[in-house]
Ligand code: PMP
């Protein structure tokens, strides 16, 4: 939940929560001109630590580059600013939301004359799809809305505007009684969730669509692929038809907010035994061990606040 007595980092300075405002005629309000990140800080056994901080910050800078938004801070500066913001808010465990957007100047579509603003906010945020979802799994529906084709909107940019597409799918899925949506890509093959990547397991092999399938290269996705391979499991990044979802033995979603959430049904078809699968549990356990520093940080994924 938001703590309105907190501080927000705004263009290099920490300001009071209530003063972190923009004008209604800012370019971003009208045309969705923003790029952002979602990062988590965990209160580990060894103190608060941010999971894959530099990779997230680099992705933010890359998202900006795609849209010719030259964020005037480097990876080191933004990483330090994130740590400073968490400390200023006295949080040990939080969700971190950096966002860069086109501000107030003029309202033509051409964006490059508007100032670029950079903001970092942090707040406590529990499990995105609900605490019990981690154990019981979620019910998802394949959306009638597809992910953007690669020559329409850049899926690799984590841009605010992409989330209008995500919202269509998410709202449709909730209206239909599901917890989450899976979108197909422009070819009609499995794409991703509205805010998660998708994995399925069949006959012991783990499958997930490749980045070329018009989806966001999730950092959790990448972490799970590496963890699975470290555990000696077979991972195949390959395109999949929709029906591959239905006949999977196990399926799960990954994302910074959703972490590793099992899927128990898709379009009301029960997946496997209709509960968290064995391999999913193994990967989920490993994920929480790593982010909570309960094992060796083999890949150097944790940045401790102190
Ligand atoms: N796909 C979409 C559309 C997302 O919004 C997210 C969340 N950032 C992901 C995938 C997962 O990415 P990550 O694991 O880096 O959070």
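Odds and ends about this structure:
- Scope the stretch 183-203; condition within 11 Å of the ligand (Cβ to nearest atom) and farther than 16 Å from residue 259 by Cβ; matching residues: 183, 191
Let's see how each residue does on (1) within 16 Å of the ligand (Cβ to nearest atom); (2) under 30 Å from residue 84 (Cβ atoms):
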position	(1), (2)
119	no, yes
138	yes, no
142	yes, no
161	yes, yes
168	yes, no
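- Residue under evaluation residue 96, criteria (1) surrounded by fewer than 18 Cβ atoms within 10 Å (Cβ to Cβ); (2) under 25 Å from residue 63 (Cβ atoms); (3) under 17 Å from the mean Cα position of the chain (by Cα), criterion not met: (1)
- Residue, surrounded by the fewest Cβ atoms within 10 Å (Cβ to Cβ), within the stretch 284-306, restricted to residues that are closer than 19 Å to residue 199 by Cα and in contact with a strand residue (DSSP E or B) (Cβ under 6 Å, 6 or more places away or on another chain): 287
- Test result for residue 257, out of contact with any helix residue (DSSP H, G or I) (no Cβ under 6 Å at 6 or more places or on another chain) and on the phi < 0 side of the Ramachandran plot: yes
- Among residues of the stretch 204-226, those that are surrounded by fewer than 22 Cβ atoms within 10 Å (Cβ to Cβ), modelled with pLDDT of 95 or more, more than 9 Å from the ligand (Cβ to nearest atom) and outside any strand (DSSP E or B), counted: 4
The values are calculated or read from the model by the stated rules, or taken from the named source; none is laboratory data. Everything numeric here is computed off the predicted structure, so don't read it as measured data. Note that we place each Cβ from the backbone using ideal geometry, even for glycine, and neighbour counts take in every protein chain shown.
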